[in-house]
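Structure record follows, encoded as structure tokens.
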Amino acid sequence: MSLFKKFFKTSSEETDSKEKLDDKSPYAPDVNLPIDEQFTFNFKANGGKFIYCENLSEISENFENILAENDWFESEAQCFDSRLFYLLDENKLNYTDTKNPKFFFSFCENLIADEGSILFSSSQLKQFKPNELPTNMIVFATTSQMVISKGDGLRVIKNKHEKDYPTNITTIKYFEEEKEQDFLHYGSCHKNLYLLLLEDL
């Protein structure tokens, strides 16, 4: 390209290059992002609250911070996993015979990077559907649970549970209430969700 053409681009050339730039949304993540950055971007874009923790003491500390922020101390919680009971006991939360739980506390199967969602199964949710659980959720996950797509997550479940394959496999993707429901949100329920992510890699 000559020096003059560089300085004096025709208006059609400028329009073409501008249209190419406009085709890509400024909010779309770069497809070459590392999996952890891709998940973080999409999860936050969906309205999720993300708390990174380097060790178990930070998990305990941030769990208490969530309780304090929402005034959930000495209230009821719904939790099916005995490995999490110690955090509930430490904070005097009732998780047996709950009638009106303030939040649901659980592990998950996987974190899905390409859509910023969380994959669950009956191992965490039992027979409950997402809309039958409390609106408020706290999920404890690890960085090693991140996978690119839902298909990868299903493969992980299949490999992990060779004989006793779980049922009730579902993802939760929307973490804030939409003011205007569109067809993308049809049939889904939003959750006010905090993710406690433990670094284990």
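None of the figures in this text is laboratory data; all of them are computed from the coordinates on show. All values reported here derive from a predicted model rather than from experimental measurement. As a convention, Cβ positions derive from the backbone with ideal geometry for all residues, glycine included, and neighbour counts pool all protein chains shown.
I need the phi-derived Karplus couplings for the range 164-174: 6.51 cos²θ - 1.76 cosθ + 1.60, θ = phi - 60°, integer Hz, Gly and Pro marked x.
8, 5, x, 9, 6, 7, 8, 10, 10, 10, 9
Please tell me which of these pairs span more than 32 angstrom C-alpha to C-alpha: LYS102/LYS163; LYS92/LYS191; LYS92/LYS158?
Violating the 32 Å Cα-Cα cut-off are LYS102/LYS163; LYS92/LYS158.
Quick one: of the DSSP bridges fully inside the range 35-198, what percent are antiparallel, nearest 5?
Working: 6 of 26 bridges.
Of those bridges, close to 25 percent are antiparallel.
Could you calculate the contour length gain from SER82 to ASP200, that is, 0.36 nm times the residue separation minus the distance between their Cα atoms, to one decimal place in nm?
Result for the pair: 40.4 nm of gain on full extension.
Quick check: the distance between the Cα centres of the range 63-94 and the range 32-55, to the nearest angstrom?
The two parts, judged by their Cα centres, are 23 Å apart.
Within the range 107-139, list the residues whose amide N lies under 15 Å from a label point set 7 Å along Cα→Cβ of ILE148.
Residues 112-116 qualify, since their backbone N sits under 15 Å from the label point.
Cα gyration tensor of the range 35-198, axes a ≥ b ≥ c as square roots of the eigenvalues: rounded (a/c below 1.5), prolate (a/b > b/c) or oblate?
Values: a/c = 1.33, a/b = 1.24, b/c = 1.07.
Rounded.
Mind listing the long-range amide H neighbours of LEU193? Cut-off is under 5 Å, sequence gap 5 or more, other chains count too, H placed in the peptide plane at 1.01 Å from N.
Those lying under 5 Å, H to H, from LEU193 are LYS49, MET137.
Which cross-chain or sequence-distant (5 or more) residues have an amide H under 5 Å from the amide H of MET146, H modelled 1.01 Å from N in plane?
HN-HN under 5 Å from MET146: LEU111.
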